[in-house]
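**Q** Could you have a look at this structure, given as structure tokens, before my questions?
The values are calculated or read from the model by the stated rules, or taken from the named source; none is laboratory data. As the structure is a computational prediction, the values presented were derived from the model and not from experiment. Positions of Cβ are generated from backbone atoms using ideal geometry, with glycine treated the same way; all protein chains shown enter the neighbour counts. Ligands, DNA and RNA are stripped out before the accessible areas are found, and what is left, the full protein with its side chains, is counted by its heavy atoms. Shrake-Rupley method; radii C 1.70, N 1.55, O 1.52, S 1.80 Å.
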Amino acid sequence: MGQPSSEASNAIIYTTLGVFLIMGTGVAWTLRNQTKGEYLAGNRTQTAIPLALNFIASALGSGILFTYPEIATLAGLQGVLVYALASALPLFVFSSLGPIIRRKCPEGFVLTEWTRQRYGTVTALYLSFVTLVTLFLYMVAELSAIGQVVETLTGLNGLPVIIVECVITTIYTSLGGFRISFITDNIQGAMVIGLIVIAAIAIGVETKIDTSLIEPSGLLKENLLGWQLLYILPVAILTNDFFLSNFWLRTFASKTDRDLWIGVTLAALIILIIITMIGCTGLIAAWSGVWPGSDPENPLPGSMTFFGLLENLPAWVVGFVLVMSVSLSCAAFDSLQSAMVSSASNDLFRNKLNVWWIRGAVVLVIIPTVVLAIKAPSILQIYLISDLVSAATIPVLVIGLSDRCYWFRGFEVVVGGLGGIFTVFIFGAIYYKDAYKGAQLMLLEDGIYQEGWAAFGAFVAAPVGGLVWGFGALALRLAVQWVQAKRKGVRFDALDRPVVMEGEGDAVQYVAGGDLETILSTGQESGAGKIPGKFF
């Protein structure tokens with residue numbers, strides 16, 4: 001590899017980080033008089049192009065240099081295209097559902113706020129927990145990735161870079177909140193696009209493909225893993241995107257629905273192109289003889305094929321990749337940080353606690369994040385930990401988006417989400433004929449690229465099981481309410497369309513239509529109970 005010297009590598013890395021520090025704190029100073037609401041969110045303030053750049057910066061991270069080339073070596077071109085489409089197209093869920101949720105929850109800025117209004121506090125806290133855990137895991141993955149990139153490209157210890165990046169992004173996001181993250185992502189997103197184009201051109205010009213290796217590689221042929229991923233990846237990525245508050249913050253930040261649609265469309269197109277280009281480096285590595293390498297006892301891992309291609313390139317290309325990687329990592333990490341602050345403030349403290357206390361708590365969270373990032377064995381494995389949870393939870397959650405499903409409650413969502421995970425265990429225990437391996441499948445310890453049908457079955461069991469358990473919980477609740485109504489000698493009204501009665505704060509009472517006159521005259525509450533928010 002045309003590896004820059006240690007001095008040059010340090011200069012490139014820390015100069016890039018220093019520029020982001022100066023830029024971030026400088027812009028944050030201009031925002032010093034913003035309100036608490038502006039610090040946490042930017043509802044209806046952004047146009048299409050900034051939104052597109054922000055979605056790009058938030059969706060990409062330095063981990064893409066490992067995960068997408070690896071899929072090329074395992075599932076060939078089919079795998080690359082499936083992974084690219086599965087990563088880009090789910091962004092349209094925000095342009096499709098964002099306007100609906102914003103109409104139902106105009107003051108919200110994260111998905112959990114709508115969940116609180118639609119399903120109640122317990123369900124909102126459940127979703128908040130998995131959201132914060134997901135953000136934490138993504139932070140771990142991002143720091144792990146940038147540490148590995150630095151060590152691979154420069155031979156330097158990645159820990160100091162991780163620490164400095166955490167300090168710098170914490171400083172400017174603490175000063176400017178969501179708005180500073182949005183502004184810096186505009187710049188970082190534009191930088192990344194340009195740098196990726198330059199790196200792609202350099203690889204294309206300098207790398208020599210041996211055409212005799214193309215056919216024997218089998219990477220242009222269809223394969224079982226590629227067909228399995230056609231289902232697994234869209235389910236995993238689409239549902240997991242629901243847990244990423246950094247996307248929802250940007251969704252609510254759009255000035256109009258039209259800006260949101262244009263921004264998401266541009267972002268999805270550019271992300272599709274970028275990811276496909278990066279994924280194809282795995283194919284190029286195979287066809288140029290770089291992967292698996294000349295040493296059969298020590299083959300080049302598929303996740304390292306992008307970096308293997310850089311070995312024959314000039315040092316300036318490696319320098320560009322370093323700048324690109326640091327930019328990607330800072331953009332992703334500051335978005336995750338600001339999203340965690342906004343989510344924790346809204347979901348756990350209802351925006352009543354001083355934001356600096358929450359900011360301090362997030363700083364404390366970064367310490368174990370760094371520790372885990374150093375020990376993280378696989379970036380993809382980190383992402384997979386939350387994928388099954390999202391696959392089990394989101395299908396039952398989004399039922400409530402339909403006004404026709406007014407009878408669906410938070411009890412069903414929580415039971416469905418937990419039941420979906422339990423269903424994965426049941427499937428794994430049956431599939432492996434071993435309860436312990438069934439438990440391991442819930443964590444996907446063998447990844448999604450394993451042979452057989454275990455991973456595929458897990459991602460079928462999670463959403464299907466979640467829906468089965470959710471509707472089973474619905475049947476149980478209705479049965480209990482029916483029995484109670486019969487015992488009390490009152491009309492069974494659990495399936496009546498609720499009539500909303502405004503209450504204090506976030507809470508509103510709802511009663512069955514047939515009992516409204518009675519409630520108004522007596523002041524008593526019907527058996528239907530209460531529901532937070534103004535959904536119906």
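**Q** Would you work out what percent of the accessible area of the chain, with all protein chains in place, is carbon or sulfur (probe 1.4 Å)?
**A** Details: 14390 of 21860 Å².
On the chain, the fraction of accessible area on carbon and sulfur atoms equals 66 percent.
**Q** Could I ask something else about it? Please list, in chain and number order, the residues 5+ apart from Trp407 or on another chain whose amide H is under 5 Å from its amide H, with Hs placed from the backbone.
**A** Excluding prolines and chain starts, which carry no amide H, there are no hits.
**Q** Cα centroids of the range 257-317 and the range 230-255: how far apart, whole angstrom?
**A** 23 Å
**Q** So if I average 1/r over every pair of distinct C-alpha atoms in the chain and take the inverse, what Kirkwood radius in Å does that give? Don't jump to the answer; show the numbers that get you there.
**A** Working: mean 1/r = 0.0407 Å⁻¹.
So the Kirkwood estimate lands at 24.5 Å.
**Q** Using the Cα centre as the reference, give the magnitude of the dipole from point charges on the C-beta atoms of the chain (Lys, Arg: +1; Asp, Glu: -1; all else neutral), rounded to the nearest 20 debye. Present the calculation step by step, with values, prior to reporting the outcome.
**A** Details: 30 positive and 36 negative charges, 385 e Å.
Dipole of the chain, to the nearest 20 debye: 1860 debye.
**Q** Let me ask you something else. What order do you get for 327-340, 471-484, 61-74 when each peptide is scored by the mean count of other beta carbon atoms within 10 Å, highest first? Please list the in-between numbers first.
**A** On the way: 327-340: 28.4, 471-484: 14.5, 61-74: 25.3.
Final packing ranking: 327-340, 61-74, 471-484.
**Q** Here's a follow-up. Can you tell me the length gained on complete extension of the stretch Ser96 to Ser217, counting 0.36 nm per residue apart and subtracting the Cα distance? Could the numbers behind the result be given before it?
**A** Details: separation 121, 0.36 × 121 = 43.56 nm, distance 4.02 nm.
Result for the pair: 39.5 nm of gain on full extension.
**Q** Skipping prolines and chain starts, which residues have an amide H placed within reach, meaning under 5 Å, of the one on Gln46, given they are 5 or more residues away or on another chain?
**A** Those lying under 5 Å, H to H, from Gln46 are Ser254, Lys255.
**Q** What length, rounded to one decimal in nm, is gained on full extension from Tyr436 through to Leu159, with 0.36 nm per residue of separation minus their alpha-carbon distance? Mind showing how you got there, number by number?
**A** Details: separation 277, 0.36 × 277 = 99.72 nm, distance 3.51 nm.
Stretched fully, the Tyr436-Leu159 segment lengthens by 96.2 nm.
**Q** Spin-label point model (7 Å from Cα, Cβ direction): what's the Ile374 to Glu151 distance in nm?
**A** Between Ile374 and Glu151, the simple spin-label model gives 1.1 nm.
**Q** For helix 48-59, report the angle its Cα long axis makes with the longest principal axis of the Cα atoms of the chain; keep it between 0 and 90° and round to the nearest 10°.
**A** Between helix and principal axis, roughly 80 degrees.
**Q** From zero up to wherever the largest Cα-Cα distance of the range 244-295 sits, split into 5 Å bins and tell me the percent of pairs in each.
**A** 4, 17, 15, 15, 12, 9, 8, 8, 7, 4, 1, 0
**Q** Pop the C-beta distance of Trp29 and Thr121 into the FRET formula with R0 = 35 Å and round what comes out to the nearest 0.05. Each step should come with its number before you reach the end.
**A** Values: r = 38 Å, r/R0 = 1.08.
Here the calculated transfer efficiency is 0.40.
**Q** How far apart, in nanometres, would the label points at Ala429 and Val133 be if each is projected 7 angstrom from Cα along the Cα-to-Cβ direction?
**A** Result for the modelled spin labels: 2.0 nm.
**Q** ³J(HN,Hα) across the range 71-77 via Karplus (A = 6.51, B = -1.76, C = 1.60, θ = phi - 60°), whole Hz, x for Gly/Pro?
**A** Result, rounded to whole Hz: 5, 5, 6, 9, 10, x, 4.
**Q** Using helices alone, what [θ] at 222 nm do you get for the chain, with -39,500 (n - 2.57) per DSSP H run of 4 or more residues, divided over all residues and rounded to the nearest 500?
**A** Numbers: 20 runs with 387 residues, N = 536.
Dividing the helical sum by the residues of the chain leaves -24500 deg cm²/dmol.
**Q** To continue, here is another question. Say each of Ile273 and Ile171 gets a label point 7 Å from the Cα, pointing the same way as Cα to Cβ; how far apart are those two points in nm?
**A** Inter-label distance under the simple model: 3.5 nm.
**Q** Using only the Cα atoms of the range 292-401, each taken as one equal point scatterer with no solvent, compute I(q) by the Debye sum, divide by I(0), and report log10 of the ratio at q = 0.17, 0.18, 0.23, 0.24 Å⁻¹.
**A** -1.12, -1.17, -1.32, -1.33
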